[in-house]
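Here is the structure we will look at, set down as structure tokens.
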Amino acid sequence: MLTLERLRADHADALLAFERENRAYFARTVPDRGDAYFTPAGFAARHRALLAGQHARVCHFHVLLEDDVLIGRVNLVDVADGSAELGYRVGERAAGRGVATAAVAQLCRLAATAYGLTSLTARTTLDHPASMKVLTRNGFTPAGETTLAGRPGLLYIRRELAATAPQTPGNRG
């Protein structure tokens, strides 16, 4: 069973283990976070900063669990004026099973119902077709070109968030 939990201080160890385990996998399609991020001190500082931003309600961070094992994260950043930017990553072991689609669907519902948001944006690199599918399956449409750490990408937008996100095959949301 997939569940989203709001990021908490006690998620730090599992989240760092998840990020370390999937570092090379993620670096294939998204910009790497850099060596300092993966050190205990660097990660602890970053985790505290995320929690502070969440407390200030400028961000909403979530871990994705499957049978109580952390398999991904789904986040809303730059929250302002009813909008936010969506970001997500699912570990290699969970890839290809509809997990990201289901997690994004859950977060779209939360964005509307719990956080009062009316629109979301997201960005992905052009060499990440799986991410593009996740976004389109969840009602996002391409809105222009962008770059991510110097890599070409697309900007997506989803307006008029409703209490339920589109359901698709494989979406367990």
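The values are calculated or read from the model by the stated rules, or taken from the named source; none is laboratory data. From a predicted model like this one, the values you see are computed outputs, not experimental measurements. Please note: Cβ atoms are built from the backbone with ideal geometry, for glycine as well, and neighbour counts cover all protein chains shown. In case anyone asks, the SASA skips ligands and DNA or RNA and just uses the protein heavy atoms, side chains included. Shrake-Rupley method; radii C 1.70, N 1.55, O 1.52, S 1.80 Å.
Observations on the model:
- Förster-model FRET efficiency, 22 Å R0, Ala95 and Asp67, C-beta, rounded to 0.05: 0.85
- Computed helical MRE - 222 nm, the chain, DSSP H runs ≥ 4 contributing -39500 (n - 2.57), nearest 500: -10500 deg cm²/dmol
- For Leu110, neighbours were defined as the other residues whose beta-carbon sits under 13 Å from its Cβ, and their charges (Lys and Arg +1, Asp and Glu -1) total +1.
- Span-rule helices in the chain, defined as complete DSSP H runs reaching 20 Å or more along the axis (Cα) with Kyte mean at least 0.5: 99-113
- Peptides 90-102, 119-131, 139-151 ranked from most to least packed give 90-102, 119-131, 139-151, packing being the mean of other C-beta atoms within 10 angstrom over each peptide's residues.
- A simple spin-label model places pseudo-atoms 7 Å from Cα toward Cβ; at Ala130 and Ala149 they are separated by 1.7 nm.
- Largest mean-square fluctuation among Val63, Val104, Val30, in a Gaussian network model of the chain whose springs join Cα atoms under 10 Å apart, belongs to Val30.
- Placing unit charges on the Cβ atoms of the charged side chains and taking the dipole of the chain about its Cα centre, the candidate lying farthest along the positive direction among Leu50, Tyr88, Ala9 is Tyr88.
- Label-reachable residues, segment 94-120, where backbone N falls under 20 Å from a point 7 Å from Val58's Cα toward its Cβ: 115-120
- With protein chains left intact and a 1.4 Å probe, residues in the chain average 50 Å² of accessible area per residue.
- Label separation (Glu21 vs Ala45): 2.7 nm, computed from points 7 Å beyond Cα along the C-beta direction.
- Across all directions, the shadow cast by the convex hull of the chain built on its C-alpha atoms averages 9.3 square nanometres.
- A Cβ-based charge dipole, computed about the Cα centre of the chain with Lys and Arg at +1 and Asp and Glu at -1, lands at about 200 debye.
- Carbon/sulfur fraction of accessible area - the chain, other protein chains in place, 1.4 Å, %: 55
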